[in-house]
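Worksheet for the structure shown next.
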Amino acid sequence: MQRALIIDDTPSLISEIRHMLKGEYAITSARSPIRGIRRAISEEIGLVITTLKMREMGGLDVIRRLRSRGYQGCIVMVTAFGDASTAQEAIRLGATDYITRPLVAAELISRLARALKKTDSDSIPPLQSIEEDICTQDPEMIALLELAHLAANTDSRILILGETGTGKELLAKAIHRYSQRVKKPFIAINCAAIQESLLESELFGHEQGAFTGALSRRIGRFEQAGTGTLFLDEIGEISLALQSKLLRVLQDGEYYRVGGNQKLKSRARIVAATNQTLRQRVESGDFRADLFYRLNVVSLKLPPLRQRPGDVSLLANFFFQRFKSDSSLAKRFSERALEQLKRYNWPGNIRELEHLVERSNILIRKHVIELEDLPQHIQQAPQKTNVPLGLNVETALNFSDAKTRFEKTYFNNILEQSGGNYALAARMAGMERTVFYRKAKKLLAN
Ligand SMILES: Nc1ncnc2c1ncn2[C@@H]1O[C@H](COP(=O)(O)OP(=O)(O)OP(=O)(O)O)[C@@H](O)[C@H]1O
């Protein structure tokens with residue numbers, strides 16, 4: 001028997017619906033919308049019946065959250081407060097149907113059956129807007145998300161630019177989710193995190209015996225992506241030799257596995273990202289101009305967090321909500337703490353803020369987190385300018401904190417001097433590229 005989950009906080013309505021659907025569905029219920037959403041997804045329940053007004057969270061939010069987390073089942077909204085505009089809004093957000101009370105058993109049963117049939121025949125869930133997945137109130141970001149939404153529905157290649165932690169991968173995933181390829185794979189590869197010698201086989205796969213250690217045939221990311229989306233992160237890091245191989249795939253869609261002679265075709269949509277100024281790399285001859293133009297059909301530049309101070313409190317609250325336990329109230333930063341957070345430079349951008357919230361949530365046993373509870377380097381952050389190298393580190397810090405602070409400033413500055421080019425920055429620092437990359441990422445996230 002098909003399972004159905006009723007999400008509502010009034011026991012009388014739950015038992016009314018339960019009674020009407022007895023023998024038709026295996027009914028289960030959740031009086032907490034948050035728990036209901038989790039159950040619908042984790043238990044893969046095919047039908048969700050929700051109401052509009054609940055204390056913990058409204059029904060429209062339930063629909064929005066279910067769809068933004070990839071729930072593909074049928075959602076029917078039942079309410080006594082229905083009006084045309086709420087119905088339209090529910091449908092726009094992804095509800096399959098909308099039924100107004102008082103309920104009549106026969107009508108409810110037939111409408112649910114019709115809604116389930118419609119869900120089965122719909123190949124693509126209703127499109128929502130990218131803005132709902134990505135928290136922002138910054139006008140520049142909102143304009144960028146509108147453009148991303150338009151581009152998502154085309155097959156154009158997209159180049160996402162932005163400093164580390166600004167949300168490039170999140171945006172790439174949202175673009176995939178709002179594209180016609182949503183039911184196909186989304187495959188990501190970070191070109192900076194993989195050794196140059198292995199990157200080619202990661203991308204294109206290899207045949208058995210292609211090189212020492214290639215014990216069996218392995219398919220690469222292009223093949224895994226199929227007709228889905230391939231996200232090439234840190235594209236600016238690939239060598240000139242690999243750039244020409246990539247160019248060939250982008251030009252005519254053809255490639256070979258390493259050590260193979262069977263011509264393969266790629267039909268994946270390419271979304272690439274970089275935290276470098278690729279144009280400068282093209283001018284300096286480090287990045288092929290023809291590849292740059294092939295990738296840069298639509299370009300989306302994510303602003304750093306320090307340029308969108310209005311988003312700091314919005315994102316902080318969003319993360320506090322995410323990290324809170326079911327029973328507790330979400331924590332928050334005090335006004336003074338928020339003022340300082342808005343002044344801070346955020347070299348690791350949103351990832352750094354997310355980690356700060358996660359840590360504050362665990363370590364600070366107060367509901368409101370004060371300025372004094374923030375890490376020293378944030379409390380003492382002067383302004384949103386370049387952090388000076390800081391050789392006059394306060395002796396108030398212990399050695400380990402002072403060392404971390406120095407390293408963070410060093411990596412931040414050297415990356416800025418290299419225009420965000422990890423390979424160049426690693427050379428300037430005299431470090432191996434992948435080691436430099438891993439260390440920079442770790443430091444700038446905290
Ligand atoms: N606008 C946003 N709303 C909510 N969460 C966000 C937003 N932007 C980024 N995040 C979160 O911040 C973290 C970093 O984002 P993401 O990994 O997409 O950044 P990135 O630019 O790809 O980083 P890198 O260049 O280091 O790979 C993720 O956990 C992501 O979910």
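The values are calculated or read from the model by the stated rules, or taken from the named source; none is laboratory data. Values in this document were obtained by computation on a predicted structure and should not be read as measured data. With ideal geometry, Cβ positions are generated from the backbone for all residues, glycine too; neighbour counts draw on all protein chains shown. For accessibility, only protein heavy atoms count, side chains too; no ligands or nucleic acids. Shrake-Rupley method; radii C 1.70, N 1.55, O 1.52, S 1.80 Å.
Points worth noting:
- Selection within region 294-312 - within 15 Å of the ligand (Cβ to nearest atom), closer than 22 Å to Arg279 by Cα and assigned to a loop (DSSP other than H, G, I, E, B): Leu302, Pro303, Pro304
- When region 176-210 is filtered for residues that are exposed (fewer than 15 other Cβ atoms within 10 Å of the Cβ) and farther than 18 Å from Arg267 by Cα, the ones remaining, listed by number, are Gln195, Ser197, Leu198, Gln208, Gly209.
- Hits in region 286-303 (condition: closer than 25 Å to Ile142 by Cα and open to solvent by 10 Å² or more (accessible area, probe 1.4 Å)): Asn296, Val297, Val298, Ser299, Lys301
- Residues within region 180-214 that are over 25 Å from Thr434 (Cα atoms) and either polar (S, T, N, Q) or over 18 Å from the mean Cα position of the chain (by Cα) (or both), tallied: 4
- Residue match in region 359-375 (condition: under 23 Å from the mean Cα position of the chain (by Cα) and buried (at least 19 other Cβ atoms within 10 Å of the Cβ)): yes
- Any hit, region 275-282, residues being within 13 Å of the ligand (Cβ to nearest atom) and within 22 Å of the chain's Cα centre (by Cα): yes
- Annotation: of all residues in region 255-285 being among the charged types (D, E, K, R) and in contact (Cβ under 8 Å) with a residue 60 or more places away in the chain, the one that is surrounded by the fewest Cβ atoms within 10 Å (Cβ to Cβ) is Arg281.
- Complete set of residues in region 211-245 that are in contact (Cβ under 8 Å) with a residue 40 or more places away in the chain, of a type in the set (A, V, I, L, M, F, W, C), part of a loop (DSSP other than H, G, I, E, B) and open to solvent by 40 Å² or more (accessible area, probe 1.4 Å): Phe211
- Exclusive hit being under 22 Å from Leu415 (Cβ atoms) and either in a helix (DSSP H, G or I) or touching a Pro at 6+ places or on another chain (Cβ under 7 Å) (or both), set Leu170, Leu203: Leu170
- Matching residues in region 221-236 - criterion: being of a type in the set (Gly, Ala, Ser) and either more than 20 Å from Ala152 (Cα to Cα) or within 16 Å of the ligand (Cβ to nearest atom) (or both): Gly236
- Looking across region 59-73, just one residue is in contact with a Pro (Cβ under 8 Å, 6 or more places away or on another chain) and of a type in the set (Val, Ile, Thr), and that is Val62.
- Search result, residues across region 372-415 that are of a type in the set (D, E, K, R) and either in a loop (DSSP other than H, G, I, E, B) or modelled with pLDDT under 80 (or both): Lys384, Glu394, Asp401, Lys403, Arg405
Residue-by-condition table, conditions (1) open to solvent by less than 60 Å² (accessible area, probe 1.4 Å); (2) modelled with pLDDT under 90; (3) within 16 Å of the ligand (Cβ to nearest atom):
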residue: Lys118; (1), (2), (3): no, yes, no
residue: Ser121; (1), (2), (3): no, yes, no
residue: Ser129; (1), (2), (3): yes, yes, yes
residue: Gln137; (1), (2), (3): no, yes, yes
residue: Leu144; (1), (2), (3): yes, no, yes
residue: Leu147; (1), (2), (3): no, yes, yes
residue: Asp155; (1), (2), (3): no, yes, no
residue: Ile160; (1), (2), (3): yes, no, yes
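- Being more than 16 Å from the ligand (Cβ to nearest atom), under 30 Å from Met141 (Cβ atoms) and not acidic (Asp, Glu) holds for only one residue in Ser239, Ser179, and it is Ser179.
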